[in-house]
Amino acid sequence: MTATKVWNFGDDVNTDFILPGRYLELTDPYDLAKHAMEGLDPNFAKNVKKGDIVIGGRNFGLGSSREHAPIALKYSGVDIVIAESFARIFYRNAFNVGLAAIECPGINKSVKTGDKIEVDLKKGKIVIKENSLNIKPLPTFMIQLLDEGGLVNYIKNHLKEW
C-alpha cells in the first residue's frame with residue numbers, strides 16, 4: 001500500500017458536478033477526463049495525478065444514469081472513489097467501467113483534500129495517518145472485474161469459459 005492524495009468533495013456530489021452535461025457529446029474518454037469534477041473544481045483535471053482518490057460524503061454520484069461520470073474520473077487518473085454512500089446507479093456504473101467505488105462510513109470527516117491515505121481493497125483497510133478504518137473487503141469477483149478494466153473487458157476475457 002502506498003500513500004495516495006485525496007480530493008474530498010463532500011455530500012451529494014451529482015453526476016453534473018462530476019461531468020457537466022454540456023460535455024456529454026464527447027466520446028473519447030480522455031476528452032471526458034479533461035472536464036472531470038469541473039462542476040465543483042475547475043482545476044481538478046489539471047491537478048489530479050494518476051492514482052489519486054476522490055472522497056465523497058453521502059449519496060455520491062446522484063443524478064443521471066450515464067456512465068460518462070465514472071469514465072471521466074477513471075481516465076483523469078482516479079483509481080478509487082470512497083464515499084459514505086453512493087447512488088446505486090453510479091456505484092454499478094463505476095465497477096462496470098473499472099473504477100473502484102468503496103463505501104466507508106466516517107471517511108468524509110476523516111480526511112480533507114490534500115491528505116494522503118493508503119487503501120487495501122483485498123484486506124478491507126484504509127489507513128489515515130496512524131489510524132485505520134475497516135471497510136468490507138471486495139469479493140474476489142469484484143477485484144477481478146477491476147483488475148481487468150471493467151465489465152466489458154471481463155466478459156471479453158472470459159466468454160469462452162461459459
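Within the stretch 112-162, the set of residues being under 18 Å from Ala101 (Cα atoms) and of a type in the set (Asp, Glu) comprises Glu118, Asp120, Asp147, Glu148.
If you go through the stretch 140-162 and pick out every residue that is part of a loop (DSSP other than H, G, I, E, B) and more than 17 Å from the chain's Cα centre (by Cα), you end up with 1.
Among the residues of the stretch 35-75, those identified as farther than 21 Å from Asp11 by Cβ and among the small types (Gly, Ala, Ser) are Ala45, Gly51. Just to be sure, is Gly77 in contact with a Pro (Cβ under 7 Å, 6 or more places away or on another chain) and farther than 21 Å from Leu133 by Cβ? For Gly77, the condition - in contact with a Pro (Cβ under 7 Å, 6 or more places away or on another chain) and farther than 21 Å from Leu133 by Cβ - is not met. For the stretch 95-124, taking the residues that are touching a residue at least 60 places away in the same chain (Cβ under 8 Å) and farther than 20 Å from Gly57 by Cβ, the one that is surrounded by the fewest Cβ atoms within 10 Å (Cβ to Cβ) is identified as Asp120.
Among residues of the stretch 1-37 being hydrophobic (A, V, I, L, M, F, W, C) and not in a loop (DSSP other than H, G, I, E, B), the one that is farthest from Ala72 (Cα to Cα) is Val6. Inspect all residues belonging to the stretch 44-51 and state whether any of them is under 17 Å from Val6 (Cα atoms) and free of Cβ contacts under 8 Å to residues at least 24 places away in the same chain. There is at least one residue in the stretch 44-51 that is under 17 Å from Val6 (Cα atoms) and free of Cβ contacts under 8 Å to residues at least 24 places away in the same chain. Among the residues making up the stretch 105-139, those that are of a type in the set (S, T, N, Q), modelled with pLDDT of 90 or more and either part of a loop (DSSP other than H, G, I, E, B) or more than 17 Å from the chain's Cα centre (by Cα) (or both) are Ser110, Thr113.
Residues that are under 19 Å from Leu32 (Cα atoms), of a type in the set (Lys, Arg), modelled with pLDDT under 90 and surrounded by 15 or more Cβ atoms within 10 Å (Cβ to Cβ) do occur in the stretch 66-82, at least one of them.
The values are calculated or read from the model by the stated rules, or taken from the named source; none is laboratory data. Model, not experiment: these values are computed from the prediction. Ideal geometry is used to build each Cβ from the backbone, glycine not excepted, and the neighbour counts take in all protein chains shown.
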